[in-house]
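Chemist: Take a look at the following structure, please.
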Amino acid sequence: EDNLLRANEQFARARRYVPIEPICLLDSLSLLRFLSRRGLPANIVFGVAPEPFAAHCWVQAGEMTLNETLTDANAYVPIRIV
């Protein structure tokens, strides 16, 4: 768990220097690869909100939400975990 949190913090610090707006899918795929290259397993969770319709994704390791707040992730109903 400590390694996951440390790696997530490293990614978040490096992400600040990328000159594009945050995009959940791009950021989640990048974080997933970053973690994978360090031997840290995680998944991308895809979720939807019904009214108004919205779709979102984030990275989770077990029950730990990494690149999204738990409050924001809970606003979506998970429909697919990859």
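Please treat every number below as a calculation from the coordinates, not as lab data. This one's a predicted model, so the numbers in the text were calculated from it and none came from an experiment. Every residue, glycine among them, receives a Cβ derived from its backbone with ideal geometry; neighbour counts consider all protein chains shown.
Chemist: When the residues of region 13-22 are narrowed to those that are assigned to a loop (DSSP other than H, G, I, E, B) and aliphatic (A, V, I, L, M), which ends up farthest from A54 (Cα to Cα)?
Modeler: Result: V18.
Chemist: Can you spot a residue in region 11-30 that is in contact with a strand residue (DSSP E or B) (Cβ under 8 Å, 6 or more places away or on another chain), among the aromatic types (F, W, Y) and within 25 Å of A75 (Cβ to Cβ)?
Modeler: no
Chemist: So, in region 48-66, exactly how many residues are of a type in the set (V, I, T) and over 16 Å from N3 (Cβ atoms)?
Modeler: Qualifying residue count, region 48-66: 2.
Chemist: Next question, about the same structure. Could you list all residues from region 23-82 that are buried (at least 16 other Cβ atoms within 10 Å of the Cβ) and either among the acidic types (D, E) or in a helix (DSSP H, G or I) (or both)?
Modeler: Listed by number, the residues that qualify are C24, D27, S28, S30, L31, L32, F34, L35, E68, A73.
Chemist: Pick out the one residue from P50, P41 that is in contact with a strand residue (DSSP E or B) (Cβ under 8 Å, 6 or more places away or on another chain) and closer than 19 Å to I79 by Cβ.
Modeler: Matching residue, one of P50, P41: P50.
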